[in-house]
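One structure below.
The values are calculated or read from the model by the stated rules, or taken from the named source; none is laboratory data. Please read all numbers here as calculations on a predicted model, not as lab measurements. Cβ atoms come from the backbone with ideal geometry, glycine included; neighbour counts cover every protein chain shown. Calculation scope for accessible area: heavy atoms of the full protein, side chains included, ligands and nucleic acids excluded. Shrake-Rupley method; radii C 1.70, N 1.55, O 1.52, S 1.80 Å.
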Amino acid sequence: MKFCLFFRFSQMVCVALLACGGAFAQTQTAPPSYKPPAGIRMEKDISYIPAGDEAQKLDLYLPEKAADKPLPLVVHIHGGGWMGGSKYPCAVAPMVLRGYAVASVEYRFSQKAKFPAQIQDCQAAVRWLRAHAKEYNLDPEHVGVVGGSAGGHLSALVGTAGGKNAFPKIGGNEEQSDRVQAVCDIFGPSDFSTVVQQAADDKNVKNIFEFNTPKDPYSELIGTKLDDKEKADAVSPVHYVSHDNPPVLILHGTHDTLVPYAQSEELAAALKEKGVAVWLQKLPGAGHGGPGFGKPAVVQLMQNFFDKYLKGTEMEITLVPEAEVTVEQQKPAVK
């Protein structure tokens with residue numbers, strides 16, 4: 001029963017991730033008539049920065065019946081090229097049915113505020129959640145983060161830069177830590193200094209972005225061209241890798257036209273070099289989202305990862321054999 005619930009959750013994740021690569025959705029909030037699935041209650045549009053920006057809010061998903069002990073927390077960061085998307089609907093909310101609390105975080109988009117506003121917002125949300133852990137029965141010692149695409153980038157950055165005071169803190173709660181204990185990065189960019197060359201070198205697909213133009217979400221995020229090394233380093237999760245980073249699970253397809261697969265290879269190699277526990281699940285043939293990410297074996301991998309590092313469940317994390325998750329590529333029509 002638990003596996004079925006998690007499988008449905010993962011299918012929802014894949015649907016949400018597919019949207020990351022298309023037109024960017026506008027920020028939206030849960031309508032007054034919205035009711036979460038049975039067994040889950042929702043507290044929506046909580047300001048994690050008092051009197052802050054309209055975007056500096058989160059939704060919290062908790063069990064209808066109060067748990068008898070503090071719950072491990074999964075923080076969801078949505079994708080959308082740092083220019084769109086929304087905290088609602090939250091694809092990972094059903095994790096509440098597996099014994100977690102879930103927070104879905106909104107953040108300022110690059111049209112309104114350039115980097116580091118986005119990571120400052122995410123870190124402020126983590127600190128706010130820890131400051132209110134007793135109120136919501138959260139376990140502040142077991143916090144994980146998950147996101148896809150731009151949300152994968154911010155999740156990885158929360159993980160690698162956490163606790164380093166790399167960015168000025170906003171929103172108060174400065175006595176609280178912004179470190180997390182587990183990161184699931186789903187095809188997020190990791191190094192803005194290498195992405196252009198990696199996209200050019202990718203023999204599987206052609207990247208869809210016109211880099212260093214107003215159509216490029218990468219350069220739009222930092223407000224300048226990607227050859228500005230100082231700003232490119234500052235935004236890149238790989239730049240903050242250190243031996244004390246939390247365990248990281250990365251999922252990435254080899255035929256991603258928005259984020260080169262090599263970005264995740266680079267991050268995984270950097271983490272491994274520092275002795276950080278990292279798993280890179282390669283999905284041959286998969287693009288920027290798609291059915292490969294919802295395969296049962298991938299679902300089980302994600303489940304095991306969070307259960308091990310947020311619940312302390314004794315288990316070995318084993319990558320899925322590539323043959324089991326390969327997605328067949330469609331051949332172009334003959335003209």
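Points to keep in mind about this one:
- Residues satisfying the criterion are present in the range 208-215 (criterion: charged (D, E, K, R), in a loop (DSSP other than H, G, I, E, B) and at negative phi).
- Extreme residue, surrounded by the most Cβ atoms within 10 Å (Cβ to Cβ), among residues of the range 160-172 that are over 11 Å from ILE119 (Cα atoms) and in contact (Cβ under 8 Å) with a residue 12 or more places away in the chain: THR160
- Residue satisfying all of: in the range 135-151; touching a residue at least 24 places away in the same chain (Cβ under 8 Å) and among the charged types (D, E, K, R); surrounded by the fewest Cβ atoms within 10 Å (Cβ to Cβ) among these: GLU141
- Among the candidates ASP227, ASP244, ASP191, residue that is assigned to a loop (DSSP other than H, G, I, E, B) and in contact with an Asp or Glu (Cβ under 8 Å, 6 or more places away or on another chain): ASP191
- Test: residue in the range 97-119 that is open to solvent by 30 Å² or more (accessible area, probe 1.4 Å), charged (D, E, K, R) and touching a Lys or Arg at 6+ places or on another chain (Cβ under 7 Å): no
- Per-region count, the range 181-202, residues under 20 Å from the mean Cα position of the chain (by Cα) and open to solvent by 10 Å² or more (accessible area, probe 1.4 Å): 2
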